[in-house]
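To start, the structure itself, in structure tokens.
The values are calculated or read from the model by the stated rules, or taken from the named source; none is laboratory data. Note that the coordinates shown come from a computational prediction; the quantities given were computed from them, not determined experimentally. Please note: Cβ atoms are built from the backbone with ideal geometry, for glycine as well, and neighbour counts cover all protein chains shown. Note: areas computed on protein heavy atoms with side chains; ligands, DNA, RNA excluded. Shrake-Rupley method; radii C 1.70, N 1.55, O 1.52, S 1.80 Å.
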Amino acid sequence: MTNQEELSGQSLNTRSISDSIGKVFLDTDGSVWRLLFQNGSKFLGLYKPKKLEFIRDQSSLAESVAESVQRATIEMLDSWNTTIAKPEIDKLADLISPLVDTCINAGEKKFRKELLDALGTQGEKMFSSFANDKFEEIGRAYEQDRRQERVFQTDGPFPVNTRFRWQLITPKYTYTAFCLDVPPQRRTIDMCGVKRRLVFPWVRFIVYFVNGELYEDVPSGDNDHGHCGLGVFYGSKKLQSQNEALYFCNLPEVNYQLPFGTCLGSGRPPIKLSDPNWNLTLLDWFWGSGFYDGQPWSTELWRQAASTIPEVSNIEEWEKFSMREDSLLAVCKLPWIQCDYNLGQMVKAVLDYIAQKYEKSQESLAQKRDGQLKLLASQFREQLEEKILFLGAHFSVPQNMVQGAKDFLSVQITNLVVKLTTSLRRRSKKMGKDFGEHFVEELQQKGE
């Protein structure tokens, strides 16, 4: 069937023809036709008008179908983009705005918390390190001063009446003991608040120092003083050997147990080896103190001597005995209570006792110092956090940053829509091509 016959065989009115111009018509063999006007022309001065004819389209049926599908799809995409996508994006932007504010506020709170935790922890470590460094510096300075004060030399002159000297040296401390031997004498002392003139045999003062300072066995509790490192014993003759016996002193306030010190109350002057007259200062303080019958332990030796030696059964008898012309000789022959240790054994036992107790107490002081450091560090951290929290309360995200975050999200969403639309356009072309090829294939199979 030709295009002329097809056209003449149809009864078409003007409107239907006008609507059909340019559209695709399919032949039974799969050819593509279009109803188009052919332009007129002049020939030998004669004008030929336009003619309405069926023109065979050079494109294939598959291409024509693909173009139709693509065109319809793109029109739908454009319509979707205008009527649905853009309004939905605007709605999404309105929804995003409070979400952005919420996220920024949450981020601000998290930032503050993490900042406080980080600065607090680092501040505590920094303060602990700083304090430890300073304590080391202070310790070194103190050690240097202490060494400068220790002017006593092993081979130097001993104080008056000194008979022996001992030293126990540990990695950290030096423990020194001296034995002063004082001949028999009469002395006026304070016995329970009354001045008494009393006679004494040989008196052996054993003095203990730690790093050049008089040792004090500080008790636990509310007492502000303890037993000082001064042991007082009697002797029957001048000291010749470390193996000689020791006898307990019957004066009150002299202890009968390790470390055999004395407890004569406060007011004791500082006794240091750096003072060349330390022995005179110590003995003047001892004889000038008051001897009182305070706690039970302080009168134990007094009671024992009184129960076995008639000459000192009470203070009146002792004072009466002291008035005898031969009392300086007789007092050395009295049956004083003998100690279980001789001189050498006594000093060794006391030095061991002092070293163990003193170094243990220093460890406790170090632990206490560490505890104080940790407490100071914790307090420092709390104060630091309070100050940072005060500053953080006035911290806020700048408004331009908030708007910038919103603009950034809006741009990203718009870009996402553009990418989606572009992707759909590419997919619509492929879909149109596949559909056209499949359509022609189906049409040819039916024609066969």
Open item on the list: Greater than 20 Å separation of Cα atoms is the criterion. Which listed pairs, 195/333; 195/238; 195/237; 237/272; 195/320, meet it?
Closed with: 195/333; 195/238; 195/237; 237/272
Task: 5 angstrom amide H check on residue 263, placed H, neighbours 5+ away - done: 255
TODO: Order the following by accessible area, largest value first: 74, 169. Probe radius 1.4 Å; ligands, DNA and RNA are ignored.
DONE: 169, 74
Task: residue 164 long-range amide H proximity, modeled H, under 5 Å - done: 179
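About its Cα centre, how strong a charge dipole does the range 208-365 have in debye, to the nearest 20, once Lys and Arg get +1 and Asp and Glu get -1 at the Cβ? Walk me through the numbers before you get to the answer.
Details: 11 positive and 21 negative charges, 88 e Å.
Around 420 debye, computed over the range 208-365.
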TODO: Go through the range 179-184 residue by residue and turn each phi into a ³J(HN,Hα) via Karplus (6.51, -1.76, 1.60, θ = phi - 60°); whole Hz please, and just put x for glycine and proline.
DONE: 10, 9, 10, 9, x, x
- [ ] Find the accessible area per residue for the range 265-315; the probe is 1.4 Å, ligands and nucleic acids are left out, and the unit is Å².
- [x] 49
Open item on the list: Let me cross-check residue 293: its accessible surface, 1.4 Å probe, with only protein heavy atoms counted, in Å² to the nearest 10?
Closed with: 100
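Using a 1.4 Å probe over the heavy atoms of the protein chains, calculate the carbon and sulfur portion of the accessible area of the range 293-334 as a whole percent. Kindly include the intermediate steps, with their values, before the conclusion.
Numbers: 1350 of 2500 Å².
For the range 293-334, the apolar C and S fraction of the accessible surface comes to 54 percent.
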